[in-house]
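Comments concern the structure below.
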Amino acid sequence: QVQLVESGGGLVQAGGSLRLSCAASGSIASISAMGWSRQAPGKQRELVATIESGVSANYADAVKGRFTISRDNDKNTVALQMNSLKPEDTAVYYCNAKVVAITSRGYSYLEVWGQGTLVTVSS
């Protein structure tokens, strides 16, 4: 079984910064992509940023230039540095990973999600 645990959410004033972290644990053979999505109240979940194992990153237009995603392949962690935060960045942020898990039957390909961490940006 593979789990993702996020940390680092909280309340910040507009213009401030927060850093989110996510750690994957369990029977993991490898992780290809890791990323962050968010869901604001009353809105659909949207992709914020993704990063492949080869450190190629992609960002939603709304966060380009303000957010930076990074990962540590040895520790199976991914982080999201969020700068110049805006009230519209308020949302629950979810970490996800595409994992090759080790099972009793061999390998399983999974997409795993964390429980989410709330980011609130006040104006």
Legend entry - Amide proton proximity set for residue 48, modelled H, under 5 Å, gap of 5+: 36, 37, 38
Legend entry - Loop-resident sites, segment 23-123, for trypsin sites (Lys or Arg not before Pro), counting at most 16 other Cβ within 10 Å (DSSP): 43, 45, 64, 66, 75, 105
Legend entry - Full-extension gain in nm, residue 27 to residue 74, via 0.36 nm per residue minus C-alpha separation: 15.5 nm
Legend entry - Pairwise centroid distance, computed over Cα atoms, of segment 5-55 with segment 66-105, Å: 3 Å
Legend entry - Residues of type aspartates and glutamates that residue 75 reaches as a straight line, Cα spacing below 16 Å, ignoring anything fewer than 8 places off in the same chain: 6, 52
Inset, instruction - Averaging over all projection directions, find the projected area of the Cα convex hull of the chain and quote it in nm² with one decimal place. - result: 7.3 nm²
Inset, instruction - Please find the FRET efficiency linking residue 11 to residue 110, where r is the Cβ-Cβ separation and R0 is fixed at 30 Å, and quote it to the nearest 0.05. - result: 0.40
Inset, instruction - For the chain, calculate the relative contact order in percent as a whole number, restricting contacts to Cα pairs under 8 Å that are 6 or more residues apart. - result: 36 percent
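Each value in this text was obtained by applying a stated rule to the coordinates, not by laboratory testing. Computed from a predicted model, the values in this text were never measured in an experiment. Cβ sites come from the backbone with ideal geometry, for glycine too, and all protein chains shown count toward neighbours.
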